[in-house]
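The values are calculated or read from the model by the stated rules, or taken from the named source; none is laboratory data. Everything numeric here is computed off the predicted structure, so don't read it as measured data. Here Cβ is always computed from backbone atoms with ideal geometry, including for glycine, and neighbour counts include all displayed protein chains. The area values use the complete protein model at the heavy-atom level, side chains included, leaving out ligands, DNA and RNA. Shrake-Rupley method; radii C 1.70, N 1.55, O 1.52, S 1.80 Å.
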2 protein chains.
Amino acid sequence: MNDAKTSTTAYAPGSIGNVGPGLDILGLAVAGAGDTVTVRRTGAAGVTILDPGHPELPADPERHTAALAAREVCRLAGANEAIGMELRVQKGLPLAGGQGGSAASAVAGAVAANAVLGQPLCSNEMIQACLTAETLVAGRHADNIAPSLLGGLVLIRSLEPVEVISIPVPPDLWIVLAHPNQTLRTEEGRARLPQQIPRDVALKQAAHVAALVAGSASNDLDLMGRALVDIIAEPARAPLLPGFVEAKAAALLAGALGCSISGSGPTAFAFAATEALALGVARAMGDAYGALGINSHTRVTQPDLAGARLIDRDPQPEVIVCR
Amino acid sequence: MNDAKTSTTAYAPGSIGNVGPGLDILGLAVAGAGDTVTVRRTGAAGVTILDPGHPELPADPERHTAALAAREVCRLAGANEAIGMELRVQKGLPLAGGQGGSAASAVAGAVAANAVLGQPLCSNEMIQACLTAETLVAGRHADNIAPSLLGGLVLIRSLEPVEVISIPVPPDLWIVLAHPNQTLRTEEGRARLPQQIPRDVALKQAAHVAALVAGSASNDLDLMGRALVDIIAEPARAPLLPGFVEAKAAALLAGALGCSISGSGPTAFAFAATEALALGVARAMGDAYGALGINSHTRVTQPDLAGARLIDRDPQPEVIVCR
């Protein structure tokens, strides 16, 4: 499609990064809240931000993922340097919440920028553009970017070159997100990760990731639950997240298939096999935080299978998948 | 089935352990050569070996995996201590070849012993019995045992408790085994493995395992090839295996999807998408070893999907899968 237009708006869903054992390599797009970016082509060269989407977000395009991704899209597309873009960002996702907000802003910015340029980039190039943006604020990993762009559960096999694999997701998978009133910067969560991992731990974690992927692909929710075991990141990060251990125990007691930290937190997520169970799990997690005097916001949802899309003209995803 | 009989014979196929990145956790049963064990119930208590199957294998039942596994089957089944068993082993697999020979002997011994007892054990209990045997000679891992017992590609999610996951295998997957005239004891191969693994290496390896499983389950041979990347064990073991690097390069040049070390070697294996390609790969690998003055034996085959079976009465597998 080369129907470039002067202004367009893209929505990108939030996502769970580090899905259980899938540290840096497995992400799941989540329906509901997401970020929205409107890009308008201008005569003046360069990318500028008219609205960063939140008072705490920088209006400096060098420091906002939506603008960085849009600029990288222009660069990768070989667009004329005289092209200018103005961005308006609407944040539907919390800042530093562990729900993939910075990635969603990057993805929505990239998708909208790509659209106003006439869709020159394919999905892997879009991921590349967003990676450049995310690297600045959240480290070089694509486990939020790829699901936010493509939807569903996505395995990141490789970043150089970019190769991502969409894994089928059980239609009955329900997701609970529990966001306690805490913030944890992604860098702080990452700093706690061990640099060296004992071999047996690394191999067990690999077995869990592969089992989680196998369970999802074969519609085996129980297996997904048993495989939602993170013995690398969760033990390192849980001490930074008051109430997580209690909320996880409550979730499992209420019938969750499994529970872990979304991204580097503070949001915790749980899987459940029915909406009714998910609602009970959400209540139990909220109560567990509440009993410790921690306010929290819980949400029951399902995977977002569509991924990022233009919302001012077409409900379908507009990304051209790399072949 | 409780049709216990006094004598029966079981066959168990060889297998590729450590399939590419799947160190200790992913194994593939290979059609063709395998080990065969005949078990006869006797009046005298205890397990004895009438024929260990090879002059270099011990007739001492405390040191032969077939006998150790048979004895453990009796113990787990709670069989009367007065029960005795005589074993005759036929080795179809090379010793210390990296083709899962010790596991196949254990599995065939366990399956035959279980049959003469009237099938008291289910598959996970059988794996448990074989693990006890394998631990003595090859370390505590089930990535040869499980595929030899169940057939196909098997992911070992957990040993405690035993949980294994059968992954669908592409019907067009062809396997080349190239066995150079070298021996490498499993312990020696294991001793080279690093105890600590840098986090980024561990996560990349996990991504490759999950991608290999996803590729196999979705019949994507090209993805299987791209994911057949082992950055932990292969770099550590390749220096112990003269000619491996050259044989691998020759395999890839001849059109193999991927190539790595089978188990801890010395056998190298390659995947190919057609029989014709596999034959060419086998020739190329043999030539590469030959150019270095190393004799080798190559074999072109496909996965064994049936796994271990009784061969004196029924061509079907007789293992009752745990539910």
field: Average silhouette area of chain A, convex hull of alpha-carbon atoms, in square nanometres
entry: 15.4
field: Evaluated over the stretch A:218-278, the Cα radius of gyration and Dmax, each in Å
entry: 11.6, 35
- line: Ordered by number, the residues of the stretch A:14-35 that have at least 10 Å² less accessible area in the complete protein assembly than on their own chain alone (1.4 Å probe) are A:Leu23, A:Asp24, A:Ile25
- line: For the stretch B:26-40, Karplus-derived ³J(HN,Hα) couplings (6.51, -1.76, 1.60; θ = phi - 60°; whole Hz; x for glycine and proline) come out as 9, x, 9, 6, 10, 6, x, 3, x, 9, 10, 10, 9, 10, 10
- prompt: Amide H to amide H, which residues 5 or more places from A:Gly258 or on other chains are under 5 Å from it, using H placed in the peptide plane?
  reply: A:Phe271
task: Compare A:Pro120, A:Pro242, A:Pro303 in a GNM of chain A, Cα atoms joined below 10 Å, and give the one with the largest fluctuation.
output: A:Pro242
field: Label-point separation, B:Ala45 to A:Glu81 (7 Å along Cα→Cβ), nm
entry: 9.0
task: Pop a pseudo-label 7 angstrom from the Cα along the beta-carbon direction at both B:Leu95 and B:Glu62 and give the gap in nm to one decimal.
output: 2.0
10 Å Cβ neighbours from other chains, averaged over peptide B:228-235: 1
field: Backbone HN-Hα couplings from phi across the stretch B:294-299 [Karplus 6.51/-1.76/1.60, Hz, Gly and Pro as x]
entry: 9, 5, 8, 10, 10, 8
query: Expressed as a fraction of 2.2 N^0.38 Å, the rule-of-thumb size for a compact globular protein of N residues, what is the C-alpha radius of gyration of the stretch B:174-301?
result: 1.04
- line: Per principal axis, largest first, the Cα atoms of the protein assembly as shown extend in Å by 91, 63, 38
field: Whole-percent carbon and sulfur share, accessible surface of the stretch B:174-301, 1.4 Å
entry: 54
task: Please give, to one decimal in nm, the separation of the simple spin-label points placed at A:Thr274 and A:Ala31, each 7 Å out from Cα toward the Cβ.
output: 1.8
- request: Please list the non-local residues whose amide H lies under 5 Å from the amide H of A:Asp24, H modeled 1.01 Å from N, same-chain partners needing a gap of 5 or more.
  value: A:Asn18
task: Name the residues whose placed amide hydrogens come within less than 5 Å of the amide hydrogen of B:Leu193, ignoring near sequence neighbours (fewer than 5 apart) on the same chain.
output: none
task: For A:Thr183, put the label point 7 Å out on the Cα→Cβ axis and report which residues of the stretch A:211-251 keep their amide N under 19 Å from it.
output: A:240-242
field: Over the stretch A:174-301, relative contact order from alpha-carbon pairs under 8 Å, at least 6 apart, %
entry: 39
field: Loop-exposed GluC sites (Glu not before Pro) per DSSP, neighbour cap 14 Cβ within 10 angstrom, longest uninterrupted part of chain B
entry: B:82-323
- request: Would you mind getting the accessible area per residue of chain B, heavy atoms of the protein chains only, 1.4 Å probe, in Å²?
  value: 37
field: Largest-first ordering by accessible area, 1.4 Å probe, given options B:Ile231, A:Ile16
entry: B:Ile231, A:Ile16
- line: Scalar couplings 3J(HN,Hα) for the stretch A:273-284 by Karplus 6.51 cos²θ - 1.76 cosθ + 1.60 (θ = phi - 60°), nearest whole Hz, x for Gly and Pro, are 8, 9, 5, 4, 4, 4, 5, x, 5, 4, 4, 5
- prompt: With springs only between Cα atoms under 10 Å, which of A:Ile197, A:Ile25, A:Ile49 fluctuates most in a Gaussian network model of chain A?
  reply: A:Ile197
query: Taking the Cα atoms of the stretch A:93-196, what is the range of coordinates along each of the three principal axes, in descending order and whole Å?
result: 41, 36, 30
Gain in span if fully extended, B:Glu246 to B:Thr135, counting 0.36 nm per residue against the direct Cα distance: 36.7 nm
